[in-house]
Amino acid sequence: MNLLAIETATEACSVALVHGENLVARMELAPRRHAERVLPMADELLAEAGIGKHGLDAIAVGRGPGAFTGVRLAVSLAQGMAMALDVPVITISSLAALALEAPEEDAAILAVIDARMGEIYAASYRRDDRGGLIALDDERVCTAESLQLPQADAWQVVGTGWATYASALREKLGIDPRSADGARYPQARHVATLAVREFKAGKAQAPELALPVYLRDKVALTLAEQGR
């Protein structure tokens, strides 16, 4: 199959292409330049693979949570491309894609994105025996101090939430994580990997049914909340 994946929920702008058994990807840290970079990156991958857009079988997209503008951009592009090409869309959690950045171990994985405004986006997972993920809890937005985690004997942590709130998150874990990397972002290559599984399971959607996941509806603090 041929599948194009887009992920722009965070500072990282990434695109991936599955063609047959091959997966190729591009990623740039490009804050505020996602709209400028994402389509050229996609065109580069398609050209290198020798595939025209009409050769695609599906579009996959990181549905969020993450930055409002980035999530909207990715989902809108995925919908527009899929409608134009008459192919389905597979939406993948950006937190799940982030979780696959963790080392391939049997420890539970905490995927955590800095949501700004003193909060984090978080979800916990464990790898299954087929290269996918099992969700251990629900995605949510909360403060690091109020985060509730399932019981696990060992943890790995990935995502920018660790860079900002390592102390509070370590206290919530109750143990030192086996690995922790606050410089990891959701990647389109992981969106693609998870989307192929969903596609084969018959879980692709019509483009108009592909929806973003924000988890909160507030973009910024008021001046009063900022203490001004």
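Below are the figures for this structure:
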read-out: Residue in the range 36-56 that is under 20 Å from the mean Cα position of the chain (by Cα), without any contact (Cβ under 8 Å) to a residue 24 or more places away in the chain, open to solvent by 30 Å² or more (accessible area, probe 1.4 Å) and within 30 Å of Glu139 (Cβ to Cβ) present; value: yes
read-out: Hits in the range 180-192 - residues which are open to solvent by less than 30 Å² (accessible area, probe 1.4 Å) and in contact (Cβ under 8 Å) with a residue 40 or more places away in the chain; value: Pro186, Gln187, Ala188, His190, Val191, Ala192
read-out: Filter result for Ala108 (among the small types (Gly, Ala, Ser), under 23 Å from Leu29 (Cβ atoms) and surrounded by 15 or more Cβ atoms within 10 Å (Cβ to Cβ)); value: no
read-out: Residues (β-branched (Val, Ile, Thr) and open to solvent by 40 Å² or more (accessible area, probe 1.4 Å)) located in the range 142-172; value: Thr143, Thr164
read-out: Matching residues, the range 188-215, being under 26 Å from Glu28 (Cα atoms) and part of a loop (DSSP other than H, G, I, E, B); value: Ala210, Leu211, Pro212, Val213, Tyr214, Leu215
read-out: Qualifying positions in the range 124-141 - touching a Pro at 6+ places or on another chain (Cβ under 7 Å) and surrounded by 18 or more Cβ atoms within 10 Å (Cβ to Cβ); value: Ser124, Glu139
read-out: Hits in the range 173-218 - residues which are over 16 Å from the mean Cα position of the chain (by Cα) and under 23 Å from Leu3 (Cβ atoms); value: Phe199, Lys200, Ala201, Gly202, Lys203, Ala204, Gln205, Ala206, Pro207, Glu208, Leu209
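Let's see how each residue does on (1) hydroxyl-bearing (Ser, Thr, Tyr); (2) touching a Ser or Thr at 6+ places or on another chain (Cβ under 9 Å):
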position	(1), (2)
Ser146	yes, no
Gln151	no, no
Trp155	no, yes
Thr164	yes, no
Ala168	no, yes
Glu171	no, no
Asp176	no, no
Tyr185	yes, yes
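The values are calculated or read from the model by the stated rules, or taken from the named source; none is laboratory data. Owing to the predicted nature of the structure, the values given are computational and were not obtained by experimental measurement. Methodologically, a virtual Cβ is constructed for each residue, glycine included, from the backbone with ideal geometry; neighbour enumeration extends over all protein chains shown. Note: accessible area is taken over every heavy atom of the protein model, side chains too, but ligands, DNA and RNA are not part of it. Shrake-Rupley method; radii C 1.70, N 1.55, O 1.52, S 1.80 Å.
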